Each structure stands twice: as C-alpha cells, then as structure tokens.
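**Student:** The structure is given below, and queries will be raised subsequently.
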Amino acid sequence: MRRLYSFYADAFRIALKSIFEHKLRAFLTLLGVIIGVASVVVVGASISGLNSYVMEKVTSVLGANHFMIARIAFSGHMEDEEFERINKRNKKIEWDEYEYIKAKCTTCSEVGAQKMTGEDLNQDGVEMPGVRVAGVTSNMFIIEDKKIEDGRIILPNEVQRSARVAVLGADVAEKYFPNTTAVGKTLKVRGVPMRVVGVEKARGDMFGQSQDRHVYIPVSTHLSMFGWGGGIQVHGKSAEADDLKLAIEEAREKLRNKRKLIGSDEDTFGVVNTEDLGAQIEQFTNAIAGVVIPITFITLVVGGIVVMNIMLVSVTERTFEVGLRKALGATRKQILLQFLIESSTLCVLGGILGILLAASVTQLIGYALQITMTITIGYIILAVAVSSLIGIIAGLYPAYKASKLDPIVALTRV
C-alpha cells in the first residue's frame, strides 16, 4: 500500500513539474478545457438564475398560492387550431358565477374578480400609452399580495357603489405626480376623473417590461366604463401552498356545477395557477439546457484533442526519460499510469480554473442584468467529472504509446 501511494505521489509530482516547466504551453493546452468548463457552469448558473428570477417576478405579480379562472386562460404555447377550438367552446365568466364560486368554495381563503383593459392615459397634455387599467374587487390586493407604498387599497363599499377611486402603479404615480404625493389628487381615466386613494409599491421590470404601469379601479366602475367584453376573471387564493390544488379543484367543480357540466363534458373555461406557470418555466429552461449544454461540451472535446496532441509531443520529448525509467525497473503499467495521471491533472486543473472563471463571469452577468446567478454544485460536479474523463481519454493513447517504448531504443534517442 505504501509503495502504491509513493508511486502515485511521484507520478503526480512529475506531472506538476512538467506543467510548471512549460507554463505557457500548459496554459494554452488548458485553454479549451477552461473555456469549456466555464461555459457549462455559466449556462447552468444562467438557467438556475433565470428560473429563480422568473418565479420571483411571477410571484411578485400574481401572488403566492394564486389561481385564475377565465374564459380562456392559458400559459405557454398553443397551436392555432387548439386556440380556435377553445375559443368556440368556452364562455365568458359572468358576475353571478363569480359570486357562486365565492360563496361555495370552502377551501379558498379569498375569491375575487378582475377585468383588465389596456388604455392610453392623457391628462393636461401628459400622455402615457399602454397602461393596464384593472377593475378589481377590494380583496384582489390580498390575492395578489400587493403592497401599498402610500395611502390605502380600494374598499369593499367603494366597489359596491362604483366609486371613482383609483390605486396607481408606481410608474403612473411618478409620471403624473412626480414631486408630490399622488394620494388625494385626481387622475383621468378615459376622461373620467378618479380620486387617487393609494400608490402601489414598485415591483420593477420583468424582461424589460415594467410591472408598475397599472391603474386599479373598482371592478364595478370598470364594467360601467369599459363594458363586459370577454367577461371577468375569477381569482382565488388558498391559505397554504399545500391547499392550492384542492382550492383549484373545488372552484373548478363549483363552476362546472353552475354551468351544469357533467361527466366527461369538457370545461367551458380555463384555469391557470402559479404552480403551473412555474412548471412550464422549468420545462422551458430545461429544454434550453438540453440544447445548449451539449453544445458547450464540444468545447471540452476540442480541449481534450489539444491535450492529446500535447501529450503526444510530451512523450516524444521524454523518450529518453521513459527509457531510463524502464531500464531502472518501471513496468509498462507504471509508465501508462504516469502519463494518464499527467493528462488528468492537466484537465482537472483546467476544470478548477474554469470554475473560477465561471464564478467571475456569473457575477458580472448577474450585476449587469440584475439577476441572481446561482452556481449549483450539480453543474460543478458535472463539469469537473467531464473534464477529468476527457483528461483520461485524451491521455490513453499517448500513455499507451509511451508504455510500449523499447528501453534500449529509447535510451539511444538522445
């Protein structure tokens, strides 16, 4: 055991000596491995960071433990034929259906209603296009976990009497009331003056699109101003994450009962929830990973080819050394292992440097994009394992060639 340990220690020492004696050559040899490992780790960190970022934003916008029922509610890609079929089948959600679900859904901690319309605001010559005007019940602020920076939310009695009041998103408040509080001021929506009672706390951007270009008004006021159109959305929330599926199923069952759907009848409405969105986001990013990561491994393969070439050069340069070691009693197996250890050491060192490079790159990307980039242990293990495997594979032929050298012939090649 001691002799075996001594052999491996000597082989490792010889490998390091060879690397440090030819620093520039070793660095250029490792460059492909370093870039390949860094690419794998950065891609992994980007995917993990993207997942976290999108889910954080989705939760910020929609709230936790939240689901929605609407005439058509889908998240993700839908073929044109499928959309047309659903569009013909589904019916808009009526107010009495919202009230029925609210009264009957015992698993739901909250049930609210919302109607959304895009509107271009214009007041005193100040224009703001593409503002989302949302008619809401007062508990939508609870369902979507909205935070109020200034003032208060819309009250239940203001919904009942179709009050002309509004809660502004941060961008809208900044646009129309930049140097003063918006609360107590008046903002016109489609020419109708609304008294501002609150300002929502800023939620920031999502992929460059502001989440703060909102005006919230009572849903009853919204319906009287904009009409019913495609109906309303019913939003529900469960008290705990574990109860979300139960709440969705109960709300779905109540609406089916209300619409007298039985047995195998298809739902004539759509349901979407934050968990589904999370699953679809993860599926999408995993699909990206499945395409991108194999491509980054090509860089590692190229790096392995470079390592093999350099190891072949090394065998040629050290023919006399190999002959001398064999003349002194080194076996073919020992010579083989010596060169395998050297090529593996090169690639492992390249893997470590690649991880350090990846850490720096992910920090820069995270800072530039304001996304938390997470280097997961799984991608680190994968990158180092692959680089080590490439080192072994790249060193096999040169090591075999060195072990086959005839000591007498090798010693004469000086």
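The values are calculated or read from the model by the stated rules, or taken from the named source; none is laboratory data. Note that the coordinates shown come from a computational prediction; the quantities given were computed from them, not determined experimentally. Every residue, glycine as well, gets a Cβ built from its backbone with ideal geometry; the counts of neighbours run over all protein chains shown.
**Student:** Going through segment 221-251 one residue at a time, which ones are surrounded by 18 or more Cβ atoms within 10 Å (Cβ to Cβ) and farther than 14 Å from THR117 by Cβ?
**Tutor:** If the condition is that a residue be surrounded by 18 or more Cβ atoms within 10 Å (Cβ to Cβ) and farther than 14 Å from THR117 by Cβ, then VAL234, HIS235, GLY236, LYS237, SER238, LEU244, ALA247, ILE248, GLU250, ALA251 are the ones that fit.
**Student:** Quick check on segment 260-274: of everything there that is surrounded by 15 or more Cβ atoms within 10 Å (Cβ to Cβ) and in a loop (DSSP other than H, G, I, E, B), which residue is nearest to the chain's Cα centre (by Cα)? Reasoning before the result, please.
**Tutor:** We begin by selecting, within segment 260-274, every residue surrounded by 15 or more Cβ atoms within 10 Å (Cβ to Cβ); these are 261, 267-274.
Still in the list and also in a loop (DSSP other than H, G, I, E, B): 261, 267-269.
Working: LEU261: 38, ASP267: 31, THR268: 32, PHE269: 29 Å.
Per the criteria, the residue is PHE269.
Listed here are the residues, each with its yes/no results for (1) farther than 17 Å from MET225 by Cβ; (2) within 34 Å of the chain's Cα centre (by Cα); (3) of a type outside the set (Lys, Arg); (4) not in a loop (DSSP other than H, G, I, E, B).
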residue	(1), (2), (3), (4)
GLU97	yes, no, yes, yes
SER109	yes, yes, yes, yes
GLY112	yes, yes, yes, yes
LYS115	no, yes, no, yes
GLY118	no, yes, yes, yes
LEU121	no, yes, yes, yes
ILE153	yes, yes, yes, no
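**Student:** Hey, another quick one. When you scan segment 219-230, do you find a residue that is of a type outside the set (Asp, Glu) and assigned to a strand (DSSP E or B), even just one? Give the steps one after another, and end with the answer.
**Tutor:** Just the residues of segment 219-230 that are of a type outside the set (Asp, Glu), to begin with: 219-230.
Then keep just the ones that are assigned to a strand (DSSP E or B); that gives none.
No, every residue in segment 219-230 fails to be of a type outside the set (Asp, Glu) and assigned to a strand (DSSP E or B).
**Student:** Next up: Out of the residues in segment 174-196 meeting the condition of being of a type in the set (D, E, K, R) and part of a loop (DSSP other than H, G, I, E, B), tell me which one is farthest from the chain's Cα centre (by Cα).
**Tutor:** Filtering segment 174-196 for residues of a type in the set (D, E, K, R) gives 174-175, 185, 188, 190, 195.
Now drop any that are not part of a loop (DSSP other than H, G, I, E, B), which leaves 185, 190.
On the way: LYS185: 40, ARG190: 38 Å.
Only one residue tops the list, namely LYS185.
**Student:** Also: Every residue in segment 139-149 that is buried (at least 19 other Cβ atoms within 10 Å of the Cβ) and of a type outside the set (Phe, Trp, Tyr), please. Explain how you work it out, then say what you get.
**Tutor:** Kept after step one, since they are buried (at least 19 other Cβ atoms within 10 Å of the Cβ), are these residues of segment 139-149: 139-141, 143-144, 146.
Of everything in segment 139-149, those that are buried (at least 19 other Cβ atoms within 10 Å of the Cβ) and of a type outside the set (Phe, Trp, Tyr) turn out to be ASN139, MET140, ILE143, GLU144, LYS146.
**Student:** Which residue is farthest from LYS175 (Cα to Cα), if the candidates are limited to segment 231-258 and must be part of a strand (DSSP E or B) and of a type in the set (A, V, I, L, M, F, W, C)? I'd like the intermediate steps shown before the answer.
**Tutor:** Narrowing segment 231-258 to residues part of a strand (DSSP E or B): 232-238.
With the extra rule that they be of a type in the set (A, V, I, L, M, F, W, C), the set shrinks to 232, 234.
On the way: ILE232: 29, VAL234: 30 Å.
Among those that are part of a strand (DSSP E or B) and of a type in the set (A, V, I, L, M, F, W, C), it is VAL234.
**Student:** Turning to a different aspect of this structure: Can you name every residue in segment 178-230 that is among the aromatic types (Phe, Trp, Tyr) and modelled with pLDDT of 95 or more?
**Tutor:** Applying the first criterion (among the aromatic types (Phe, Trp, Tyr)) to segment 178-230 yields 207, 216, 226, 228.
Answer for segment 178-230, where residues must be among the aromatic types (Phe, Trp, Tyr) and modelled with pLDDT of 95 or more: just TYR216.
**Student:** Does ASN157 fit the bill of being in a helix (DSSP H, G or I), free of Cβ contacts under 8 Å to residues at least 60 places away in the same chain and within 17 Å of ILE217 (Cβ to Cβ)? Let's see the steps before the verdict.
**Tutor:** Working: in a helix (DSSP H, G or I): yes; free of Cβ contacts under 8 Å to residues at least 60 places away in the same chain: yes; within 17 Å of ILE217 (Cβ to Cβ): yes.
Taking the combined requirement at face value, the residue satisfies it.
**Student:** Counting only residues that are in contact with a Leu (Cβ under 6 Å, 6 or more places away or on another chain) and under 17 Å from GLN211 (Cβ atoms), which one in segment 104-133 is surrounded by the most Cβ atoms within 10 Å (Cβ to Cβ)?
**Tutor:** As a first pass, look at segment 104-133 and keep what is in contact with a Leu (Cβ under 6 Å, 6 or more places away or on another chain): 107, 128, 131.
Pick out the ones that are also under 17 Å from GLN211 (Cβ atoms) and you get 128, 131.
On the way: MET128: 16, VAL131: 20.
By that ranking, first place goes to VAL131.
**Student:** If you don't mind, there's one more thing I want to ask. State all residues of segment 160-173 that are crowded, with 24+ Cβ neighbours inside 10 Å and part of a loop (DSSP other than H, G, I, E, B); if no residue qualifies, say none.
**Tutor:** Kept after step one, since they are crowded, with 24+ Cβ neighbours inside 10 Å, are these residues of segment 160-173: 166-169, 172-173.
Once the filter is applied, which keeps residues that are crowded, with 24+ Cβ neighbours inside 10 Å and part of a loop (DSSP other than H, G, I, E, B), segment 160-173 yields only GLY169.
**Student:** Do we have PHE12 as modelled with pLDDT under 75, assigned by TED's automatic domain parsing to the domain that holds VAL306 and over 27 Å from ARG252 (Cβ atoms) here? Full working, then the answer.
**Tutor:** Values: modelled with pLDDT under 75: yes; assigned by TED's automatic domain parsing to the domain that holds VAL306: yes; over 27 Å from ARG252 (Cβ atoms): yes.
Judged against the criteria, PHE12 is a match.
**Student:** Determine, yes or no, whether GLU149 is part of a helix (DSSP H, G or I), at negative phi and among the acidic types (Asp, Glu). Can you show your working first?
**Tutor:** Working: part of a helix (DSSP H, G or I): no; at negative phi: yes; among the acidic types (Asp, Glu): yes.
Against the criterion (part of a helix (DSSP H, G or I), at negative phi and among the acidic types (Asp, Glu)), GLU149 does not qualify.
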